[in-house]
Amino acid sequence: MASGRLLGKTAIVTGSASGIGQGIALRFASEGANVVIDFRSHPEAGEETRAKAEAFGVKAILVHADVSKISDTQNLVEQAWTQFGGCDVLVNNAGVEKHAAFLDVTEEDYDTVLDTNLKGAFFLTQAFVKRLQSAKKPGVVINISSVHEDMVFPNFSTYCASKGGIRMVMRDLAVELGPMGIRVNNIAPGAIATPINTALMADKPKLNALLANIPLGRMGTTDDVAGLAVFLASEDGGYVTGSTFVVDGGLMRNYHEQ
Ligand code: NAD
């Protein structure tokens, strides 16, 4: 039988068929939360995550939602309420990045990154909060932003625009939604070993240069991020809103672009 700090809670985690989102969904399940697993393109990985979550003794459902489509975000929230009768926590994790020098950025690249990382999180949060408001319930929103909500990342200007944007949305919503009992925070990971970093991890010289900049001397794991997400989602984080929490092994304090 499940027990833990999130017992009786329900959480939506976007982009949770892989990487950080998967790690958070499984850690939430291990802490007793029912979870809504969202995937965009890999149903089999989503199903595997759903089954692993249920092995913790909670309920987990799998929903296909491309967060860049507003109708999909509304359906995602709808599914959570229909299947679980409510939802307490939203983790805006789904994200993409595109490498391009500023002068080479296409409109398509820009739209893909901003529509997923910023617009998607924005309107999914709106749909989630509307439901909370009509049910007169409190809630928690956690955005997985990045150290690049604050730190330069040459050749990733679209990514920086999206993550810097979500930083200010978080601060704004913490003030607007606080009176409704809704807490909003960001987690800003540094370099975490997930599929988004496949190319980097395969490039030894680049990887070693990065590791030399990380005081703790290693890349982070999805568990390093998930533990903080549990804290923010739980009552332990009950007085915490409007902040960004950096999980980067010290990278931000010691970063030198090559
Ligand atoms: P990942 O590629 O494994 O995860 C991203 C997930 O988002 C994937 O499952 C992908 O299918 C999903 N996704 C992409 N576009 C989507 C869309 N339109 N709708 C729904 N799902 C979509 O990589 P990750 O490292 O786990 O990334 C998760 C989040 O963490 C991202 O927001 C990323 O920017 C952020 N982040 C990662 C790192 C890192 O070093 N790994 C560092 C800082 C921030």
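The values are calculated or read from the model by the stated rules, or taken from the named source; none is laboratory data. What you are looking at is a predicted structure, and each value in this text was computed from that prediction instead of being measured. Cβ atoms come from the backbone with ideal geometry, glycine included; neighbour counts cover every protein chain shown. Quick note on the areas: whole protein, heavy atoms, side chains included, nothing else; ligands and nucleic acids left out. Shrake-Rupley method; radii C 1.70, N 1.55, O 1.52, S 1.80 Å.
Overview of results
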| read-out | value |
| --- | --- |
| Angle between the chain longest axis and helix 121-135 axis [Cα atoms, degrees, rounded to 10] | 20 degrees |
| Cα long-axis angle, helix 19-30 against the chain (0 to 90 degrees, to the nearest 10) | 30 degrees |
| Straight-distance crosslink candidates among aspartates and glutamates, where the alpha carbon sits under 18 Å from residue 130 and sequence neighbours closer than 8 are dropped | 72, 78, 88, 172, 176 |
| Charge dipole magnitude, Cβ of K and R +1, D and E -1 - the range 155-258, Cα centre, debye nearest 20 | 300 debye |
| Qualifying lysines (Cα of each under 22 Å from Cα of residue 59; at least 8 residues distant if same chain) | 9, 137 |
| Charged-residue dipole, Cβ positions (Lys, Arg, Asp, Glu), the chain about Cα centre, Debye nearest 20 | 680 debye |
| Between the range 158-177 and the range 213-258, the alpha-carbon center distance in angstrom | 17 Å |
| Theoretical gain in end-to-end length, residue 41 to residue 111 [0.36 nm per residue, Cα-Cα removed] | 23.4 nm |
| Ranked packing of 38-47, 191-200, most packed first, by mean Cβ within 10 Å | 38-47, 191-200 |
| Average Cα contact separation per residue, the chain, under 8 Å, 6 or more apart, as relative contact order % | 19 percent |
| Alpha-carbon radius of gyration plus Dmax, which is the widest Cα pair, for the chain in Å | 17.5, 55 |
| Whole-number accessible area per residue in Å² for the range 164-258, which is evaluated in the context of all protein chains at 1.4 Å | 51 Å² |
| Cα radius of gyration and Dmax for the range 1-140 (Å) | 15.4, 55 |
| With eigenvalues of the C-alpha gyration tensor scaled by 5 and rooted, the range 118-210, Å | 32, 13, 11 |
| C-alpha long axis of helix 157-177 to longest principal axis of the chain, angle in ° | 30 degrees |
| Proximal lysines to residue 206, defined as alpha-carbon separation beneath 24 angstrom and excluding residues fewer than eight positions away on the same chain | 98, 163 |
| Mean Cβ count within 10 Å, highest first, over the residues of peptides 112-125, 71-84 | 112-125, 71-84 |
| Cα centre as origin, Lys/Arg/Asp/Glu Cβ charges: the range 38-127 dipole, Debye | 380 debye |
| Most to least packed among 130-137, 239-246 [average Cβ atoms within 10 Å] | 239-246, 130-137 |
| With every protein chain in place, the range 9-111: carbon and sulfur % of accessible area (1.4 Å) | 48 percent |
